[in-house]
Amino acid sequence: MFLRATIQLGFAAAAMGHNMARDPDRHCGIADPASLVHLAALDESLSVGSLRGAAIEPIEVDLYFHVVTDSANSSEGRVTDAQLEKQLLVLNTDYEPAGISFVHRNTTRTVSDTWAHAGDDLGMKRTLRQGGYNALNVYFLTEVDGYLGFATFPRADAPEGSDAFIEDGAVILAGTVPGGGEVKYNLGKTTTHEAGHWFGLYHTFQGGCNGAGDQVDDTPAEASPASGCQKGRDSCPRQPGLDPVENYMDYSDDACMTEFSPGQIDRMRAMWYKVRD
């Protein structure tokens, strides 16, 4: 059963300056990991290799959904309870090989012209966020500045009540939920992708052809994001392996995304125990 908490907020229409056309290819609005000092420090402290081959103990993540629509109740921002249930199923299916499951705790429904169009991110999250640093809060908005979504990376310096704590979570374009209006991206894989960032994964193409720019040694180097479903693509022919276009952390169409690598699973679990557990 999805619980509803509806808050009517009277923001001025002038605050809706974020409404822009979205590029038809997948785009993710995360910060460049190379620019985040706290993330580099975490990378240096992880003992990822020690996890390889170890028994996978279950990780349970509290999950909170927040659906934010504008006062026009536009169809682009509507997400039904049935779609949220399907999104939860997609997450649990995609993360099952990693020994990770998500337990839905609550859903809020909010009307705000500003928040629905990606304005005042911190104010929205300060009002709606629930749970601890081990809880994933997912915000479904009508429009996300031309992106399909973005998420925060884990950090060791996010005490409860701090801006870093409040900002933690994933912001998702509502049309990407299962059955949503984003053609090619409406199977729920955007939430899978952004949750990967929340667990500490980079894009598979991070660092281009220079090797393990994503800090994972078993994802082949990739010069640039994939699109569609380019199986057999080899954008770094001097490096071993074909591009990981079926990986959840690339930019392929939803139907093409099917896997995390063992190294990515190790990294997510190491980050969890280091920062979120």
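Take I56 and decide whether it is among the aliphatic types (A, V, I, L, M), over 17 Å from G169 (Cα atoms), modelled with pLDDT of 65 or more and out of contact with any Phe, Trp or Tyr (no Cβ under 9 Å at 6 or more places or on another chain). Judged against the criteria, I56 is a match.
Any idea how many residues of the stretch 183-193 are in a helix (DSSP H, G or I), within 16 Å of E96 (Cα to Cα) and open to solvent by less than 10 Å² (accessible area, probe 1.4 Å)?
Kept after step one, since they are in a helix (DSSP H, G or I), are these residues of the stretch 183-193: 189-193.
Checking which are within 16 Å of E96 (Cα to Cα) leaves us with 189, 191-193.
From what's left, open to solvent by less than 10 Å² (accessible area, probe 1.4 Å): 191-193.
The number of residues fulfilling the criteria is 3.
Please determine whether any residue of the stretch 33-43 is farther than 16 Å from W198 by Cβ, modelled with pLDDT of 70 or more and among the hydroxyl-bearing types (S, T, Y). Within the stretch 33-43 (the criterion being farther than 16 Å from W198 by Cβ, modelled with pLDDT of 70 or more and among the hydroxyl-bearing types (S, T, Y)), the answer is no, since none of the residues qualifies. For the structure I just gave you, tell me whether V111 is closer than 24 Å to K189 by Cα, at pLDDT 75 or above and of a type outside the set (S, T, N, Q). In short, no.
Look at the stretch 208-226 and say how many of its residues are in a loop (DSSP other than H, G, I, E, B) and open to solvent by 40 Å² or more (accessible area, probe 1.4 Å). Summing the residues that are in a loop (DSSP other than H, G, I, E, B) and open to solvent by 40 Å² or more (accessible area, probe 1.4 Å) in the stretch 208-226 gives 7. Taken over the stretch 232-259, residues that are open to solvent by 20 Å² or more (accessible area, probe 1.4 Å) and either part of a strand (DSSP E or B) or touching a helix residue (DSSP H, G or I) at 6+ places or on another chain (Cβ under 8 Å) (or both) amount to 5.
Those helices (runs of 4 or more DSSP H) of the stretch 68-169 in which at least 1 residues are open to solvent by less than 20 Å² (accessible area, probe 1.4 Å), of a type in the set (V, I, T) and in contact (Cβ under 8 Å) with a residue 60 or more places away in the chain, considering only elements entirely within it, cover 113-116.
The values are calculated or read from the model by the stated rules, or taken from the named source; none is laboratory data. A quick note: this is a predicted structure, and the numbers were derived from the prediction, not measured. Cβ: placed from backbone, ideal geometry, glycine included. Neighbour counts: every protein chain shown. Just the protein is used for accessible areas: all its heavy atoms, side chains included, with ligands, DNA and RNA removed. Shrake-Rupley method; radii C 1.70, N 1.55, O 1.52, S 1.80 Å.
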